[in-house]
Every structure is written in C-alpha cells, then in structure tokens.
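Each remark here refers to the structure printed beneath this line.
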C-alpha cells in the first residue's frame with residue numbers, strides 16, 4: 001500500500017477530533033442537536049485551519065444513517081462514503097476551476113431534484129471567492145431560497161472578495177489561526193501513535209514555522225521525518241529550517257547596539273553559510289525586537305512559544321527602550337524596501353548598516369559610559385565598556401571637605417570647580433529620552449550630594465520614567481557616588497541646553513539669511529533678473 005501523508009491520514013472525521021476551532025464546533029454541534037440548521041454556511045479563515053474538514057463533518061452529520069446529530073456514527077455506509085470522498089449526495093466543487101457562469105448554472109440545474117441516498121444534498125464550494133460576478137449572480141436566488149433537501153457549505157480564505165449579497169444569505173463561521181501549543185500537541189499525539197521518536201524542542205520549532213496552519217505543519221512534519229531518517233531531532237530540524245542562522249540574531253543585535261560593524265558583517269557572513277532566506281531573517285529580527293520591547297514593558301509577557309527566552313531577557317535589560325523602538329522602525333523600513341534591493345542579503349545588510357548609522361551617538365572620548373550590569377559576558381556579545389577612564393566631572397565648589405577627593409574608576413575627582421550643566425551633559429553619555437530630559441533642565445543648586453534642577457514643564461511627563469532612572473544612573477556613575485536628583489517643574493531663569501541649541505540654530509539661520517542678502521551675486525540677480533530670495537529656504541550649514 002502506498003504511503004499516505006500525515007495531513008490526509010490524520011484528517012479529523014468528527015467534531016471531537018478537531019484541534020482548535022472550539023467556537024465553531026460548539027455552534028455547529030448545538031445547531032445539529034437542536035434542529036436549528038441554516039440552509040447556507042460560509043466557513044472563512046486562512047489556509048489549513050479546517051474549513052473543508054468541518055464542512056465534510058457537517059455533511060456526514062446531516063446524512064448519517066443513525067440520524068442528524070453532532071456525533072455521526074462513522075461506521076455506516078454513508079459515513080464511510082463521505083470519509084472516502086465518494087458519497088453521491090456530497091458535491092464538492094473547486095470554484096477556482098469553475099469560474100464561468102455556464103458551469104455554475106450547470107451545477108445548479110440539479111438542485112431541485114431529491115438526493116440519491118442521503119437525507120440532504122450538500123453542495124460544498126471551496127474557494128468561493130474565485131467565482132466571477134456572473135456566477136455569484138446565478139447562485140444568489142438559489143442560495144437564498146433552496147429546496148428543503150439542499151444545504152450549501154461555502155469555504156473561502158478571502159471573504160472580502162465575496163459579494164455582500166452572498167454574505168447576507170449565509171451563516172458565517174470564522175475559523176482562527178491555530179496557536180503554537182495546539183499544533184505542537186497534535187504533533188506529539190500523532191508521533192506517539194506512529195511510534196516515531198522525537199525531541200520536544202524540535203516540535204516547537206516546527207509548530208512555529210506552521211504559522212497557524214495545521215495542514216502546513218503536518219506537511220513540514222512529514223518533511224522533518226524524512227530528513228531525520230524516521231525520527232524528529234532538534235539539530236536536524238534546525239538544519240532543515242535554517243534556524244541555525246536565526247539563532248545568531250541576539251548576538252547580531254548586540255553587535256549593532258555596541259556599534260561593532262565588523263562583528264555585524266561577520267555574523268551575517270556566518271549566517272549565510274546556512275543559506276537562509278534573508279527576508280525571513282529580517283522578519284525574525286523584527287519579531288525579536290518586538291519580544292524585547294514586550295519584556296521591557298511587561299516582564300512577565302514571555303510566552304512558552306518563544307523558545308529560549310534567556311537571550312531575549314538579556315537584550316531587554318541591555319538595550320534602552322528608545323533604541324529598541326528605533327531599530328524596529330528601521331527594520332520595518334528595510335522590510336518595506338527589501339524587494340528593491342539587488343539581492344536579499346544586501347537588503348538585509350543595508351538594514352543593519354542603517355541601524356549602525358542612526359544608532360545613538362557613543363560616549364565622547366574619555367567619558368565614562370553608563371554601566372550595563374546585564375551585558376552578556378561572552379566574547380560574541382560584548383557589553384558597553386565600563387572600565388575606560390572617566391574625565392573629571394564639574395562639581396560644586398561648596399562640596400564638603402571630606403568629599404574633596406572621590407575615587408571614580410582610574411581617575412580622581414577634584415572639588416572646587418564651578419558646575420556648568422551645559423558642559424556636564426555631554427560627558428554623561430546619555431541617549432534617547434534621558435538625553436531629552438537632561439537637555440530640558442537647568443541647574444538650580446548643587447550642594448554636597450544633592451543636585452536640584454529646574455525642569456521645563458513640557459517634559460514633566462518624563463519624571464518617574466525610565467529616562468529619569470537612566471539620568472540618575474549616569475550621574476552616579478560619573479561622580480563615583482550617589483547624587484540625589486531633585487526636579488523643580490517650573491520655567492527656569494537660566495537657559496536650558498535645549499533652549500540654547502534652539503537659540504544658536506536661529507542665530508545661525510539668521511546669519512545665513514543676512515549673508516545671502518548681502519551677497520553681491522544675489523543682489524545682482526535681484527536687480528537684473530527681478531529675482532526674489534526665499535528667506536525660508538535658507539539653511540545654515
């Protein structure tokens with residue numbers, strides 16, 4: 001006997017065997033058991049979630065020799081004929097191959113006639129959205145008022161293409177994508193019954209690749225069994241699916257974060273040895289960033305379907321939240337432009353190079369970087385350097401005598417200098433929202449270990465956020481001791497760094513406009529050619 005693929009061999013033959021879709025099974029079971037049957041049903045959902053299977057089980061339930069119920073016997077001649085696809089009163093039609101109106105009319109000619117053997121004549125029309133407008137028009141009247149012995153079961157993956165006039169005549173049942181744990185559980189059930197050895201992590205990978213489709217999942221499982229020589233092992237599945245390359249994504253993202261371009265390209269080259277689909281790798285990178293962002297907001301949001309969450313947790317602790325959002329935005333743009341790239345790999349590499357180019361600026365030379373206690377210890381995932389020499393900070397002259405010398409790394413902080421908030425900020429190696437918070441502050445008073453700042457009211461919402469925590473940590477690390485930050489939300493008398501930057505920008509643009517207006521060539525053009533200088537277009541360089 002020839003081999004039968006798992007998707008066909010393990011197709012459910014009753015409602016109790018269905019995996020997932022409990023909401024649809026419940027609705028159909030109650031309708032069958034309480035004799036509240038509609039004349040037309042429309043099953044919608046993505047491929048491989050059970051639309052045609054449910055329609056066949058419904059046809060069997062309607063015609064079982066034991067009577068109409070949600071539990072057909074499965075052993076009578078009609079049940080067996082339905083399972084074997086040879087029941088005369090179940091007419092299965094592929095709408096994609098019968099798009100002409102003449103074919104639809106031919107199909108409907110036999111609707112008035114009584115069924116040959118069964119209780120009902122059932123028309124199962126798959127991919128009904130492929131019908132032409134004329135075919136839908138030919139179907140409408142019959143679909144609205146069919147004879148009592150006829151039931152219409154329609155299935156489609158794209159209900160938006162079905163005319164609303166057809167939708168209004170059907171009871172619509174929406175099938176959901178199957179969750180990973182349901183697919184993995186069915187894999188285990190099948191392999192146990194087939195006496196095929198397997199490793200649970202391998203099934204988890206296969207279930208995720210199935211992307212919500214049981215049929216796709218069983219097809220991939222068939223491939224994995226053949227690839228593994230009669231068993232399903234994790235290493236074989238990773239090699240078959242190219243997951244080995246995807247495993248490099250945490251290290252790749254860490255290399256982007258620390259600005260190591262050579263490490264980024266080396267990781268891409270190593271991944272290329274497994275011949276991955278780089279478009280899929282970019283999708284997986286976006287998925288990784290999404291999970292990192294989720295853990296940063298809700299630490300308990302991890303799902304068992306994620307697999308090993310250790311690297312994800314490390315990245316969530318290492319990467320600033322604003323950097324994650326930036327990388328995700330650049331990744332989305334790269335995904336949008338992927339089809340325009342010369343090839344898939346170069347498109348993937350350019351997306352990573354954009355992340356490197358637009359990542360927050362590194363600390364100034366000689367400045368001490370903010371420590372990242374969660375940085376991985378491995379050579380392949382280096383954290384930010386916290387041992388580099390720190391430049392002496394500017395501290396208040398009123399510092400207590402016992403604080404005149406404070407050790408910080410390899411440098412000694414000398415007291416007695418005047419505090420200049422504008423000069424201190426660049427030395428703190430801030431980025432993202434924490435840099436914005438600092439830029440909208442001005443110094444009120446710094447005495448002993450208490451730093452009082454005026455905060456522009458426009459940034460009041462950053463108080464108590466992660467930005468404040470990072471600013472506090474940066475100042476503590478820089479000074480080598482804890483300095484209490486106190487914010488006074490009110491318009492400051494002194495100029496904030498943000499206000500200074502805006503003032504200097506306006507002064508530069510005003511100077512550029514003046515220079516253009518006084519330029520002899522511009523004046524000659526205005527005089528001889530009646531030209532006009534558009535002031536708003538002048539930008540300082």
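Here are the numbers for this structure:
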quantity	calculated
Filtered residues of the stretch 323-345 (kept if surrounded by 12 or more Cβ atoms within 10 Å (Cβ to Cβ), over 19 Å from the mean Cα position of the chain (by Cα) and not in a loop (DSSP other than H, G, I, E, B))	344, 345
Residue in the stretch 18-37 that is within 30 Å of residue 137 (Cα to Cα), in contact (Cβ under 8 Å) with a residue 40 or more places away in the chain, in contact with a helix residue (DSSP H, G or I) (Cβ under 7 Å, 6 or more places away or on another chain) and surrounded by fewer than 18 Cβ atoms within 10 Å (Cβ to Cβ) present	yes
Residue that is touching a residue at least 40 places away in the same chain (Cβ under 8 Å), out of contact with any strand residue (DSSP E or B) (no Cβ under 7 Å at 6 or more places or on another chain) and either surrounded by fewer than 21 Cβ atoms within 10 Å (Cβ to Cβ) or in a strand (DSSP E or B) (or both), where the choices are 75, 2, 70	70
Filtered residues of the stretch 259-285 (kept if part of a helix (DSSP H, G or I), surrounded by fewer than 19 Cβ atoms within 10 Å (Cβ to Cβ) and touching a residue at least 40 places away in the same chain (Cβ under 8 Å))	261, 265, 272, 279, 283
Enumeration of residues in the stretch 497-541 that are over 30 Å from residue 443 (Cβ atoms), assigned to a helix (DSSP H, G or I) and within 43 Å of the chain's Cα centre (by Cα)	536, 537
Of the criteria (1) surrounded by fewer than 19 Cβ atoms within 10 Å (Cβ to Cβ); (2) within 27 Å of residue 218 (Cβ to Cβ), which one residue 100 fails	(2)
Residues (assigned to a loop (DSSP other than H, G, I, E, B) and either surrounded by fewer than 16 Cβ atoms within 10 Å (Cβ to Cβ) or under 44 Å from the mean Cα position of the chain (by Cα) (or both)) located in the stretch 88-97	88
Residue satisfying all of: in the stretch 299-308; at pLDDT 80 or above and under 25 Å from residue 212 (Cα atoms); farthest from the chain's Cα centre (by Cα) among these	300
Of all residues making up the stretch 12-27, the number that are farther than 14 Å from residue 186 by Cβ and outside any helix (DSSP H, G or I)	2
Residues of the stretch 138-167 classified as free of Cβ contacts under 8 Å to residues at least 40 places away in the same chain, outside any helix (DSSP H, G or I) and in contact with a helix residue (DSSP H, G or I) (Cβ under 9 Å, 6 or more places away or on another chain), total	2
Count - residues of the stretch 408-423 that are surrounded by 20 or more Cβ atoms within 10 Å (Cβ to Cβ) and either at pLDDT 80 or above or part of a helix (DSSP H, G or I) (or both)	1
Of all residues in the stretch 168-195 being without any contact (Cβ under 8 Å) to a residue 60 or more places away in the chain and in contact with a helix residue (DSSP H, G or I) (Cβ under 6 Å, 6 or more places away or on another chain), the one that is surrounded by the most Cβ atoms within 10 Å (Cβ to Cβ)	187
Identity of the residue in the stretch 108-124, within 13 Å of residue 146 (Cβ to Cβ) and outside any loop (DSSP other than H, G, I, E, B), that ends up modelled with the lowest pLDDT	108
Residue within the stretch 210-229 that is modelled with pLDDT under 90 and assigned to a helix (DSSP H, G or I) present	no
Leading residue by the ranking (surrounded by the most Cβ atoms within 10 Å (Cβ to Cβ)) among those in the stretch 125-137 that are part of a loop (DSSP other than H, G, I, E, B) and under 35 Å from the mean Cα position of the chain (by Cα)	131
Failed criterion for residue 85 (all others in (1) surrounded by fewer than 16 Cβ atoms within 10 Å (Cβ to Cβ); (2) in contact with a helix residue (DSSP H, G or I) (Cβ under 8 Å, 6 or more places away or on another chain) hold)	(2)
Failed item in (1) assigned to a helix (DSSP H, G or I); (2) surrounded by fewer than 22 Cβ atoms within 10 Å (Cβ to Cβ), with residue 254 passing the rest	(2)
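Matching residues to (1) in a loop (DSSP other than H, G, I, E, B); (2) in contact with a strand residue (DSSP E or B) (Cβ under 9 Å, 6 or more places away or on another chain); (3) closer than 25 Å to residue 296 by Cβ; (4) touching a residue at least 40 places away in the same chain (Cβ under 8 Å):
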| residue | (1), (2), (3), (4) |
| --- | --- |
| 453 | no, yes, no, no |
| 459 | no, yes, yes, no |
| 468 | no, yes, yes, no |
| 476 | no, no, yes, no |
| 491 | yes, yes, no, no |
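The values are calculated or read from the model by the stated rules, or taken from the named source; none is laboratory data. Keep in mind the model is a prediction, meaning the values are calculated, not measured. All Cβ positions, even for glycine, are placed from backbone atoms using ideal geometry, and neighbour counts span all protein chains on display.
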